[in-house]
1. How many nm separate the modelled label positions at B:Glu17 and A:Thr112, each set 7 Å beyond the Cα in the direction of the Cβ?
2. About its Cα centre, how strong a charge dipole does region B:30-89 have in debye, to the nearest 20, once Lys and Arg get +1 and Asp and Glu get -1 at the Cβ?
3. Taking springs between alpha-carbon atoms closer than 10 angstrom, which of A:Pro75, A:Pro39, A:Pro61 fluctuates most in the Gaussian network model of chain A?
4. Let me know the shape class of the protein assembly as shown, please: from the alpha-carbon gyration tensor, a ≥ b ≥ c as square roots of the eigenvalues, rounded when a/c is under 1.5, otherwise prolate if a/b is greater than b/c, or oblate.
5. Quick query: amide H of B:Ile47 versus all other amide H atoms, modeled in the peptide plane; which residues come in under 5 Å with a sequence gap of 5 or more or a different chain?
6. Quote the charge dipole size of chain B about the Cα centre in Debye, to the nearest 20; the model charges only the Cβ of Lys and Arg (+1) and of Asp and Glu (-1).
7. Given an 8 Å cut-off on Cα distances and at least 6 residues of separation, report the relative contact order of chain B as a percent.
8. Classify chain A: rounded, prolate or oblate, from the alpha-carbon gyration tensor (a ≥ b ≥ c, eigenvalue square roots; a/c under 1.5 rounded; otherwise prolate if a/b is larger than b/c)?
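Every number in this text was worked out from the coordinates using simple rules, so none of it is lab data. In this text, all values refer to a predicted model and were calculated from it rather than measured experimentally. Neighbour counts are summed over all protein chains in view; Cβ atoms, including those assigned to glycine, are modelled from backbone coordinates with ideal geometry.
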Amino acid sequence: NAGVTQTPKFQVLKTGQSMTLQCAQDMNHEYMSWYRQDPGMGLRLIHYSVGAGITDQGEVPNGYNVSRSTTEDFPLRLLSAAPSQTSVYFCASSYSAPTGAEAFFGQGTRLTVV
Amino acid sequence: GQQVMQIPQYQHVQEGEDFTTYCNSSTTLSNIQWYKQRPGGHPVFLIQLVKSGEVKKQKRLTFQFGEAKKNSSLHITATQTTDVGTYFCAGPEAAGNKLTFGGGTRVLVKP
């Protein structure tokens, strides 16, 4: 079982460049989310989706866009990369909203913006 | 917004000793979840607690949900090197669509 797959695993961007972090899950989960992890700050929610066609902002959405055209995929777009976006990004999915379901995380994307 | 805090931020433990990490929420939670992240890895779900005062055990790990459903604890007995990692608690916001994580407790084990 693949679970949650993130690509790429590592990426270096120059300031001002744009890119898309890919996330796909094969568990037919309705709920998907993106987190960033910075040293000493835990996991902070960027955007989330409760189903295809529905997205909403989390705690730190500025500089990021998401879309959910299918149940399986939830890409995260960096519009104009900034050094402050250097972080480890995790995509997660769960069967339903967090009130009742464990989250499955991808392996992460380590992004460096120079 | 909801805040979830964990203490301590770091825990240095001698192999074989016990320790406890604590999680406190600014709001009442419908449930609390715990995750473990090994160094260089991704968070992995450990357990979910739902009921007030609930206690669950997984081998050497004991999880507790407070009576007021605003705090939780994780107690590890006879720490082993395999316990190394960061332990996160997480709780859903009242509306239920956002999962807020604590800052984590990073556990280092001295052999």
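1. It works out to 3.5 nm between the two label points.
2. Details: 9 positive and 3 negative charges, 21 e Å.
Dipole of region B:30-89, to the nearest 20 debye: 100 debye.
3. A:Pro39
4. Details: a/c = 1.92, a/b = 1.44, b/c = 1.33.
Prolate.
5. B:Trp34
6. Values: 12 positive and 7 negative charges, 41 e Å.
So the dipole magnitude of chain B works out to roughly 200 debye.
7. Numbers: 286 pairs, mean separation 41.2, N = 111.
RCO, chain B: 37 percent.
8. Working: a/c = 1.66, a/b = 1.64, b/c = 1.02.
Note, shape of chain A comes out prolate.
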